[in-house]
Amino acid sequence: MKPIQEYEKDIASIRTMMERSSKFISLSGLSGVLAGIYALAGAVAAYYIVHYPVSPDPYLTYSITEPGVLTKLIIIATAVLIASVSAGLWLSHQKAKKHGIKLWSPASRAVLINMAIPLISGGIFILIMLYTGHFGLAAPACLIFYGIALIQGSSNTYDEVRYLGFCEIALGLISAVFPAYGLIFWSFGFGVLHIIYGSILYNKYDK
Amino acid sequence: MKNPFEHLDKMLEHRVRLQIMSVLITNNIYDFNGLKEILDVTDGNLASHIKALEKEKYVSVSKSFLGRKPNTKYKITERGRNAFKKHLDALEAVVKHVK
């Protein structure tokens, strides 16, 4: 028989082990803010390519059918994606180092695998949409699939990620009703929401 | 009142073994290196405790290769899951009993 404090410690250690082994806690809040800023910068660039100098409404008939526009948009989107993912990896790596844990853990692997399924299927679906000329619903589809991916990944990381996922899905559905304003919704979902969520995460866990 | 101490599982009274089981009950499958990192114990220490749990049939082992590196994975058995739950109930009872 052990002293009673030892049994209390046993219970505490069960909780710690359960959390530490299943939660990816190196996720950096700051990288969320950066991803949001990159997305906004990308959206501004896209605006000048697609809409300028025409107003947002008639873009389907005017701009996107012009040769080269779609390719430019895909290049911008890819640049935003690469910049955001690199910032995320780099800053999360730093955070993991600070806490003395490895970035590549069973928990982070679980986050990645769970997110990969909706992200890859969504990505392929969006590419098919673009090549078949369904431009109007591409932005809503980005938001919805990204939201689903976040919710899938959230069981192994901070709860805030799940709420961000719900917001992205809701925004995506609303934006599907207003296909001409895809870029505006896209910048809100990937830009503004990321900045808000990143700051919350930063204030709560990174300070 | 019955003595709640008698429901404690001798095998799980050891902290490291209890921690191994806690990780396995949440994650289903975990590998040796992952366990070592989380528990912050030496190879030998971890191996001997896992062996004990294996002998008791609380965990099952599967060995495979990742490239040329051996990769040993552990999984909790039904028996282990039940034992863990019973032990946790007993722990709670013990703590409550004393207070």
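Every number in this text was worked out from the coordinates using simple rules, so none of it is lab data. Because the structure is a prediction, the values reported are computed rather than measured. A quick note on method: Cβ atoms are made from the backbone with ideal geometry, for glycine too, and the neighbour counts reach across all protein chains shown.
First measure r as the distance between the Cβ atoms of B:Ile29 and A:Thr132, then evaluate 1/(1 + (r/R0)^6) with R0 = 35 Å and state the FRET efficiency to the nearest 0.05. According to the calculation, E is roughly 0.30. Summary value for chain B: 36 percent relative contact order, contacts being C-alpha pairs under 8 angstrom separated by 6+ residues. Step through the table entries A:Lys207/B:Lys75; A:Lys97/B:Lys55; A:Lys72/A:Lys98; B:Lys51/B:Lys96; A:Lys2/B:Lys85, compare each Cα-Cα distance with 29 Å, and write down the pairs that go over it. Check vs 29 Å cut-off fails for A:Lys207/B:Lys75; A:Lys97/B:Lys55; A:Lys72/A:Lys98; B:Lys51/B:Lys96. The angle between the Cα long axis of helix A:138-154 and the main principal axis of chain A comes to about 0°, on a 0 to 90 degree scale. Taking every pair of alpha-carbon atoms in segment A:98-188, give the share separated by more than 15 Å as a whole percent. Here the long-distance tail beyond 15 Å is 62 percent of all Cα pairs in segment A:98-188. Relative to the longest principal axis of the Cα atoms of chain B, the long axis of helix B:15-27 lies at roughly 70 degrees. The shape of segment A:139-207 comes out oblate: with a ≥ b ≥ c from the C-alpha gyration tensor, a/c is at least 1.5 while a/b does not beat b/c. Among residues other than A:Ser21 with Cβ under 13 Å from its Cβ, the summed charge is +2 (Lys and Arg +1, Asp and Glu -1). Once C-alpha pairs closer than 8 Å and six or more residues apart are averaged by separation and normalised to the residue number of chain A, the relative contact order reads 33 percent. Computed over the protein assembly as shown, the per-residue total of -39500 (n - 2.57) for DSSP H runs of n ≥ 4 gives a 222 nm mean residue ellipticity of -22500 deg cm²/dmol, rounded to 500.
For segment A:103-114, backbone phi angles converted through the Karplus equation (6.51, -1.76, 1.60; θ = phi - 60°) give residue-by-residue couplings of 5, 8, 10, x, 5, 5, 4, 4, 4, 5, 5, 5 Hz, Gly and Pro being listed as x. Distance between the 7 Å Cα→Cβ label points at A:Ile124 and B:Lys73: 2.3 nm.
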